[in-house]
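So the structure is just underneath, and the comments pick up after that.
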Amino acid sequence: MVAKRVERAVEILAMAEVHPACPHGWWSHWSLTQRLSAKLRALLLPAVYAAAQARGRGLDLAETAVSLLTELKQIG
């Protein structure tokens, strides 16, 4: 369960990184995203991390927002 949540976090970060509304190149200059990415990378096997990133880059923002709201409702 924890690994799936870590993968989900990687997916969401990857989606944000490539989203057209985000200024190009900001990701590599913002220390918060760099630290978070490093922590998540340390929790997953390299192939699993790469797969989660690839999935995230293909996510739709609106669909992901709805999905996250649903997930939050389930948590409590």
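We did not get these values from a lab; they are worked out from the coordinates using the rules stated. Every value quoted in this text rests on a predicted model; they were computed, and no experiment measured them. Glycine also receives a Cβ, built like all others from the backbone with ideal geometry; neighbour counts cover every protein chain displayed.
Below 8 Å, C-alpha to C-alpha, sequence gap of six or more: please give me the relative contact order for the chain in percent. Could you put the intermediate results ahead of the total?
Details: 48 pairs, mean separation 35.6, N = 76.
Answer for the chain is 47 percent.
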Note, segment 58-66: 3J(HN,Hα) by Karplus (6.51, -1.76, 1.60, θ = phi - 60°), whole Hz, Gly/Pro = x, goes x, 6, 8, 4, 5, 5, 5, 4, 4
Just from its helices, what would the mean residue ellipticity at 222 nm be for the chain, if runs of 4 or more DSSP H residues each count -39500 (n - 2.57) and the sum is divided by every residue, rounded to the nearest 500 deg cm²/dmol?
-> -24500 deg cm²/dmol
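Taking each pair of different alpha-carbon atoms in the chain once, compute 1/r for the pair, average those values, and report the inverse of that mean as the Kirkwood hydrodynamic radius in Å to one decimal. Mind showing how you got there, number by number?
Numbers: mean 1/r = 0.0769 Å⁻¹.
Value: 13.0 Å, from the Cα pair sum.
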A chain fully extended from Ser67 to Ala50 at 0.36 nm per residue, minus the present Cα-Cα distance, gains in nm 4.0 nm
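Looking at the chain, which chymotrypsin sites (Phe, Trp or Tyr not before Pro) are in a loop (DSSP not H, G, I, E or B) and have at most 14 other Cβ atoms within 10 Å? Working shown, then result.
Numbers: sites: Trp26, Trp27, Trp30, Tyr49; in loops: Trp26, Trp30.
Within the chain, the qualifying chymotrypsin sites (Phe, Trp or Tyr not before Pro) (loop, at most 14 other Cβ atoms within 10 Å) are Trp26, Trp30.
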Kindly write out, for segment 39-52 in residue order, the coupling ³J(HN,Hα) from the Karplus curve 6.51 cos²θ - 1.76 cosθ + 1.60 (θ = phi - 60°), rounded to whole Hz, with x marking Gly and Pro.
-> 5, 5, 4, 5, 8, 10, 5, x, 5, 5, 4, 4, 5, 5
Among Leu69, Val2, Ile12 - extreme Cα towards positive end, dipole of segment 2-75, charges at beta-carbon | Val2
Label-point separation, Thr33 to Ala21 (7 Å along Cα→Cβ), nm | 1.4 nm
